[in-house]
Every structure is written in structure tokens, then in C-alpha cells.
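The values are calculated or read from the model by the stated rules, or taken from the named source; none is laboratory data. Note that the coordinates shown come from a computational prediction; the quantities given were computed from them, not determined experimentally. So basically every Cβ, Gly included, is an ideal-geometry build from the backbone, and we count neighbours across all protein chains shown.
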Amino acid sequence: MSSLDPDAAGKAKAIFGKVPEQLRRLAVVAVVLIVAIVALRYYIIPPSLIESRLHRQSTVERETGKTIKFASAGICGDCHDDVSKKKSAGFHKTLSCESCHGPALKHTEDPDVKPFAPRERKFCPACHAYDPSRPTGFPQINPVLHNPLKPCITCHNPHDPEPPRIPRECAACHAGLARIKAVSPHALIECTTCHTVPERHKQSPQSVRPTKPQTREFCGQCHGKESKRVDAPKVDLSTHGERYLCWQCHYPHLPGRT
Amino acid sequence: MDKREFLKKGAILFISASGVVRHLERSTTASASTTSASTTQKPAVPGYDPASHYYGMGIDVDRCIGCGRCVEACTVENDVPREPSYARTWVERYVIKNDKSVVVDRIETGEGGERKFKEVVDEADILRTFFIPKLCNHCANPPCVQVCPVGATFSTEDGAVIVDEERCIGCRYCIQACPYGARFLNPRTKTADKCTFCYHRVVKGMQPACVEVCPTQARIFGDLRSKASRLVRFQRVNKIHVLKPHLNTEPKVYYADLDGEVR
């Protein structure tokens, strides 16, 4: 060991003198090597490369420093309170604004950077196209047949979508009747003139049915002898088919001119 | 210059240079150690203590409509390369046919939101079918961490398995070791890439991007250490299963009402 220690060489010259020249030179090289290795290990290599605690710390720091792009729910309502209030009561209440509008953190920092607004027809079917794998009850349409080429937002408000639209027109379901009536003398008479339609008929058409005229006098308003309508054929209600309601013999959607 | 002179001058140069280097390194390591000391006291995000959290995710299988918004959001948030269809989270469609054979298909989403399937099964031939969102399970006992030869991947204190992309050598061991196929080699950085539970969002109190955008709330993110968290409630009210429990990886992604065919 003493031959490796350069300090010992100065103090014990006598002993050192006996050490062969080659060994002394070798000692210098060894010392240089040791110093180099120690310097490399402890001073030159950054500790974050050696200590796992530090390199994990730096990884966590790098990871937490990554840029956020989605602003997260709730923040949109700070400015767009009208839309978010509307949405929170509707069927899309579980959706985050960014589900459709895309990442919007930049928009919250600078309102001039507009987030994505899907207006094309291809966007909504991502969720609402019919797919047998989708859970039962999830509203789905066939994008090929459902009002082709029309953008969804022309009929549906994405911030307050309605469940399958209750048709305003009877013809939506009763297309056959509507076609017949359209060419009949009764073409200009509204369905609701003769039928009272309970609101619930639209939800459960089979169990809640519209009314039919239950008196002969109903038809008599136009077709009775006393009626002032000039364009309606007249009958004497007191003698004409007295035991029956009119529509039991005459088909009111296509009344024949007899 | 003879050999002796060369060695002499070399030694003098080396020793003086190492002195300078040592001085420089002293100053940098001193500042590094103070910063690391301060970060162990002060977390990366002010007010955030990783030791008091332990994150997991719940998947409500019956709610997933397979729209792929989560995949798209993850791709955007984490800047995941789009080609060739790499993803940190993905949605599988399981179709169990009448003859009990199973077709598994990963849905592909385009930027506009359209979905594509590789295989279309005739509807009359389907016994049952559903979507399964998948992602890194952030196992409590992660096989990917065990195999990493350079220690580049590890579990954080709060339960996320993350990759040190500066240390990763891209050897793909972890990709092979993951039983859930949750890792891929990022073609841009040439290092292993995976879901981080959106660590950069989570530490700031936000939800991961996929959870944020899920329209049906099929994904539930939460803290397993907090009794009040949505995830703990989710675990309480649902029948929970994890993927491949026999591998003892202790996954922290919990599936409610998972079909037995899901692998």
C-alpha cells in the first residue's frame, strides 16, 4: 500500500529509495487513475443519473410539467353560463363541453382562439349511429336513412337535445291515411277537427288512442240539412241511417260522392 | 517530446483540469442537491402531496358506447403519434357469436370522429356484444417495471406507472412483459410510451383527458386513499373484476360487470 501512497514517498525517503523505479512510476499512473475514476463517479456524472430517487424525481417533474390541453369541466360555465345551464338540464348533461368542442385550454387563456365546433353531419354519429354493441336504450339512428345529408344541428340542438322527436304531423306515422285524405274532399280538414289527440298518444300510440266523433250531429255540422256549408252534400239526419254513426258506413278519410 | 515529458505534462494537465471540473461540478451538484432537497420537501406542484393519494380507474362497461372520444382526447392531450395507430388507451369491441366464437376488434377513430371497424359481423349471428375500454392498468405489482434493465420505468408514490423517456433505451422488454398490451414504442422518441393517468393533469386536481371527455361517464377516475372518492364509491356499488387477475399484477383499473370472455 505504501508504494501507492505518494505522501509516504516524501517522508520515508530511505524506504522509498529501495522501491524500484518502475513501481514508483506505476504508482503515479495508479493515483491518476483513481483520481480520475473518483472524479468521474462523484463529480462529473450528475447525481440524477446515479441515484434512482433523484432520477425518478426528475421524471415526475418532467411529467408534471407537460402542457395541459383540456381545460376540464366546469370552467366553461364561468363565461358561457347560459349554454352550460341549458346543457346541465338536458340529456347531454353528462357530457363535458370538451367532449364535442375538443381541447379548449388555449381558449380559456385567449378567448380569440376558438375551440372546435362540430357542425358536420359526420360528427354526431360517432356516438349516435346504430351499433349493436352499444348499450340498449342509448339513442341511436341509422345515419344513412335518418334525414340524409342534413347536418344534425339543423333539427337538434346539441346543447339541449331532445329524445326521439315527437312528430308534430300525424302523417309522420299515419302516412297512408294522410295520402288518402290528401286526394279526398276532406283534404282541407285538419285531423284534429275530427280527432282529439291526447298528448300521451305520441308516446304510447297503442294504449292511448285519439278520439273519433261519437255523435251523428258532429258530421251534421256540415252535412246536416240545417248546415250553411254550401260545398258539403246534405242529408236529413233524422231519416238517414239513424241507428248508425256516420263513419260506420262512410269512410271519412275518403268519403265517396254518392 | 519524449515519453517522460509527455506523461509529466499530461499528468499536470489532467490534475489541474480535474480540479477545475471538480470545482464546476461541486457548484452544479450543490445547486442540484438543493433543488432536489427542496423538491422532496416542496412537491412538483404546490400543495400536492403524492403520499396521500393512490390513483385508480373504474370502467363501467355497460355505459361505454364505443364512440372513441377517449382515444381521441388522449391522443391530443398527450401528443401521441397518430401513425401507425398507436394509442395509450383504446376501445375494443367484443362480439360473441352464436357459435360462441369471439371476435375482438379495436375501434379506430379518425380525427373527425368517424369510427372504423376491421370486421363487420352480421347482426343475426351475434349472441352478445359490447365495448371494453382499455388502458394501462397501473398495476400495483407491475411486470414492466421488474423487467426494465435500466430502471427507466417505475411506480410513483401515488400509484402511476410512468416512463423516464430520457433513461429508456428502447429495448422493448417492458412492451413484451406487459400482459395487457398497454405499451408501445413511440416512433418519435424511440422510447417506451404508455398511459400516465394524465399525471400532469392529475397532480393539478384535474381528471385524465379520457375521463374528462367520456360522454356517458363510463370511466371513473379517483383516489383509492379517499373514502369519498368516486372510484371508491364505484367499487362499493358495483361488482368489480380486473383483467387477468391470475397474473398477480394487482391492476388498478377496475371493471364493473365485465364479461367472462374479456381477456
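Condition check: at pLDDT 85 or above, under 30 Å from A:Cys152 (Cβ atoms) and either surrounded by 11 or more Cβ atoms within 10 Å (Cβ to Cβ) or touching a Cys at 6+ places or on another chain (Cβ under 8 Å) (or both). Does A:Val235 satisfy that? For A:Val235, the condition - at pLDDT 85 or above, under 30 Å from A:Cys152 (Cβ atoms) and either surrounded by 11 or more Cβ atoms within 10 Å (Cβ to Cβ) or touching a Cys at 6+ places or on another chain (Cβ under 8 Å) (or both) - is not met.
Screening the candidates A:Pro158, A:Pro139, A:Pro115, A:Pro143 for the property of being part of a loop (DSSP other than H, G, I, E, B), touching a residue at least 60 places away in the same chain (Cβ under 8 Å) and either under 17 Å from the mean Cα position of the chain (by Cα) or closer than 30 Å to B:Val202 by Cα (or both) yields one hit, A:Pro158. Residues in segment A:46-74 that are within 30 Å of B:Ile15 (Cα to Cα) and either more than 9 Å from chain B (Cβ to nearest Cβ) or touching a residue at least 12 places away in the same chain (Cβ under 8 Å) (or both): 1 in all. Among the residues of segment B:216-252, the one identified as within 19 Å of B:Ala182 (Cβ to Cβ) and hydroxyl-bearing (Ser, Thr, Tyr) is B:Thr249. Please determine whether any residue of segment A:99-111 is facing chain B (nearest Cβ under 7 Å) and either touching a Leu at 6+ places or on another chain (Cβ under 9 Å) or under 26 Å from B:Phe130 (Cβ atoms) (or both). Yes, that holds for at least one residue.
Any residue that is within 7 Å of another protein chain (Cβ to nearest Cβ) and under 24 Å from B:Cys74 (Cβ atoms) - is there at least one of those in segment A:75-92?
For segment A:75-92, residues within 7 Å of another protein chain (Cβ to nearest Cβ) and under 24 Å from B:Cys74 (Cβ atoms): absent.
Within segment B:154-181, the residues that satisfy the criterion of being surrounded by 20 or more Cβ atoms within 10 Å (Cβ to Cβ) and in contact with a Cys (Cβ under 6 Å, 6 or more places away or on another chain) are B:Cys174, B:Cys178. Return the residues of segment B:243-257 that are surrounded by 18 or more Cβ atoms within 10 Å (Cβ to Cβ) and not in a strand (DSSP E or B); say none if nothing qualifies. Listed by number, the residues that qualify are B:Leu243, B:Thr249, B:Pro251, B:Lys252. Of the strands (runs of 3 or more DSSP E) that lie entirely inside segment B:121-207, those containing 3 or more residues that are under 30 Å from B:Asp257 (Cβ atoms) span B:126-135.
When the residues of segment A:46-68 are filtered to those that are modelled with pLDDT of 85 or more and under 25 Å from B:Arg22 (Cβ atoms), which remaining residue is surrounded by the most Cβ atoms within 10 Å (Cβ to Cβ)? Looking at residues that are modelled with pLDDT of 85 or more and under 25 Å from B:Arg22 (Cβ atoms), I get A:Ser58. Cβ separations smaller than 6 Å between residues 6+ apart or across chains give the following pairs from segment A:210-229 residues that are without any contact (Cβ under 8 Å) to a residue 12 or more places away in the chain to residues that are of a type in the set (Lys, Arg) and in a loop (DSSP other than H, G, I, E, B): A:Cys222/A:Arg229.
The set of residues from segment B:208-223 being over 25 Å from A:Arg62 (Cβ atoms) and either assigned to a loop (DSSP other than H, G, I, E, B) or within 9 Å of another protein chain (Cβ to nearest Cβ) (or both) comprises B:Cys214, B:Pro215, B:Thr216, B:Gln217, B:Ala218. B:Glu212 meets the conditions (1) in contact with a Pro (Cβ under 7 Å, 6 or more places away or on another chain); (2) more than 25 Å from B:Arg263 (Cα to Cα); (3) of a type in the set (D, E, K, R) in every case but one. The failed one is (1).
The residues of segment A:88-105 that are buried (at least 20 other Cβ atoms within 10 Å of the Cβ), touching a residue at least 24 places away in the same chain (Cβ under 8 Å) and not in a loop (DSSP other than H, G, I, E, B), listed by number, are A:Cys97, A:Glu98, A:Cys100.
Residues to consider are B:Cys198, B:Cys210, B:Cys171; find the one that is touching a strand residue (DSSP E or B) at 6+ places or on another chain (Cβ under 8 Å) and not hydroxyl-bearing (Ser, Thr, Tyr).
One residue alone meets the criteria, B:Cys210.
Looking at the structure I just gave you, is B:Tyr94 within 11 Å of chain A (Cβ to nearest Cβ) and either in a loop (DSSP other than H, G, I, E, B) or not basic (Lys, Arg) (or both)? Yes: the conditions hold for B:Tyr94.
Under the condition of being within 15 Å of B:Pro208 (Cα to Cα) and either hydroxyl-bearing (Ser, Thr, Tyr) or in contact with a Cys (Cβ under 6 Å, 6 or more places away or on another chain) (or both), the residues counted in segment B:50-90 number 8.
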